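The structure appears below as structure tokens.
The values are calculated or read from the model by the stated rules, or taken from the named source; none is laboratory data. Predicted model, so just to flag it, every value in this text is computed and none were measured. Note that we place each Cβ from the backbone using ideal geometry, even for glycine, and neighbour counts take in every protein chain shown. Quick note on the areas: whole protein, heavy atoms, side chains included, nothing else; ligands and nucleic acids left out. Shrake-Rupley method; radii C 1.70, N 1.55, O 1.52, S 1.80 Å.
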Amino acid sequence: MTERLDSEAALARHLAGLLRRDRRLAAIAAKAGPFPPRKAAPGFAGLAQVICGQQLSVASASAIWGRFAALPGALEPAGYLRLDEAEIRAAGFSAGKARTVAALAEALLAGELDLEAVASMPAEAAVAALGRIKGIGPWTAEIYLMFCTGHPDVFPAGDLALQKAVAHGLGLDRRPASKDLEAIAMAWSPHRHAAALLFWRYYAHLRNREGIAL
């Protein structure tokens with residue numbers, strides 16, 4: 001695995017490598033403008049926070065996470081399992097998310113999942129390892145790998161904003177499906193994390209432009 005993308009300097013190096021691999025992205029980067037890396041805590045707490053944010057706005061996820069994190073022991077596997085589900089639901093977790101985090105906590109305590117080992121795996125193997133936990137799909141696994149471990153070669157192809165941004169930026173006839181976007185993103189390996197950050201920033205640029213409907 002190449003250098004982790006976990007600092008401004010690492011992001012600059014990965015972006016430079018990405019633009020050398022695909023010259024088309026230079027114009028997209030110019031429109032997107034500068035952007036920082038995104039970092040979050042690794043381990044149980046970090047993955048629980050990603051699960052919390054599934055299919056929610058940033059504001060809603062932040063509010064729910066704040067209430068959840070304040071629960072005694074919530075950010076450790078054993079402490080989480082001692083909580084009453086009603087407490088977790090009252091914080092804003094859905095029943096499904098509460099069960100997913102419980103399954104994660106149980107797997108960690110049983111030694112069935114090692115998040116430190118996952119962080120050093122190739123992207124596809126890491127996503128598969130995390131996906132063995134019921135309720136953790138590719139998007140959740142990939143977001144965790146990007147933001148909580150700094151994995152440099154992950155691209156969440158199922159992300160709707162990325163699909164729209166890539167379609168617009170590359171002049172595609174239609175928004176690519178996940179599998180099609182996975183194939184497109186392979187050309188950006190081993191800098192797919194940087195490519196995802198670039199296209200998210202480009203998507204924000206497009207949404208801020210008058211007359212662009214996304």
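Meeting the requirement of 3 or more residues that are open to solvent by less than 40 Å² (accessible area, probe 1.4 Å) and either at pLDDT 95 or above or touching an Asp or Glu at 6+ places or on another chain (Cβ under 8 Å) (or both), the helices (runs of 4 or more DSSP H) wholly within segment 39-110 are 43-52, 58-69, 77-82, 95-109. Can you name the residue in segment 158-177 that is open to solvent by 50 Å² or more (accessible area, probe 1.4 Å) and in a helix (DSSP H, G or I) and is also farthest from VAL118 (Cα to Cα) among such residues? If we take residues in segment 158-177 being open to solvent by 50 Å² or more (accessible area, probe 1.4 Å) and in a helix (DSSP H, G or I), then HIS168 is farthest from VAL118 (Cα to Cα). Selection of first residues in segment 41-64 that are closer than 18 Å to ILE133 by Cα and of second residues that are of a type in the set (S, T, N, Q) and modelled with pLDDT of 95 or more, restricted to Cβ pairs under 7 Å at least 6 apart or on distinct chains, gives the following pairs, ordered by first then second residue: PRO42/THR149; VAL50/THR140; ILE51/THR100; ILE51/THR140; GLN54/THR140.
Taking segment 2-38 as the range and being out of contact with any Gly (no Cβ under 7 Å at 6 or more places or on another chain) and open to solvent by less than 10 Å² (accessible area, probe 1.4 Å) as the test, the residues that pass are ALA10, LEU11, HIS14, GLY17, LEU18, LEU25, ALA32. In this structure, LYS179 does not satisfy being at pLDDT 95 or above, under 20 Å from ALA41 (Cβ atoms) and of a type in the set (Lys, Arg). Scanning segment 111-133 for residues that are open to solvent by 30 Å² or more (accessible area, probe 1.4 Å), in a loop (DSSP other than H, G, I, E, B) and modelled with pLDDT of 95 or more turns up GLY111, GLU112, ASP114, GLY131, ARG132.
Given the criterion under 25 Å from TRP188 (Cα atoms) and of a type outside the set (S, T, N, Q), identify the matching residue among ALA129, ALA103. Reasoning before the result, please.
Values: ALA103 fails: under 25 Å from TRP188 (Cα atoms).
ALA129 is the lone residue from the list that is under 25 Å from TRP188 (Cα atoms) and of a type outside the set (S, T, N, Q).
Residue check: is PHE155 assigned to a helix (DSSP H, G or I) and touching a Lys or Arg at 6+ places or on another chain (Cβ under 6 Å)? Considered against the rule, which asks whether it is assigned to a helix (DSSP H, G or I) and touching a Lys or Arg at 6+ places or on another chain (Cβ under 6 Å), PHE155 comes out as no. Filtered by the rule that a residue be in contact (Cβ under 8 Å) with a residue 40 or more places away in the chain, open to solvent by 50 Å² or more (accessible area, probe 1.4 Å) and of a type outside the set (A, V, I, L, M, F, W, C), segment 179-210 gives a lone residue, ARG201. Selection over segment 1-26 of residues that are in contact (Cβ under 8 Å) with a residue 60 or more places away in the chain and either under 19 Å from HIS168 (Cβ atoms) or in a loop (DSSP other than H, G, I, E, B) (or both) gives a count of 10.
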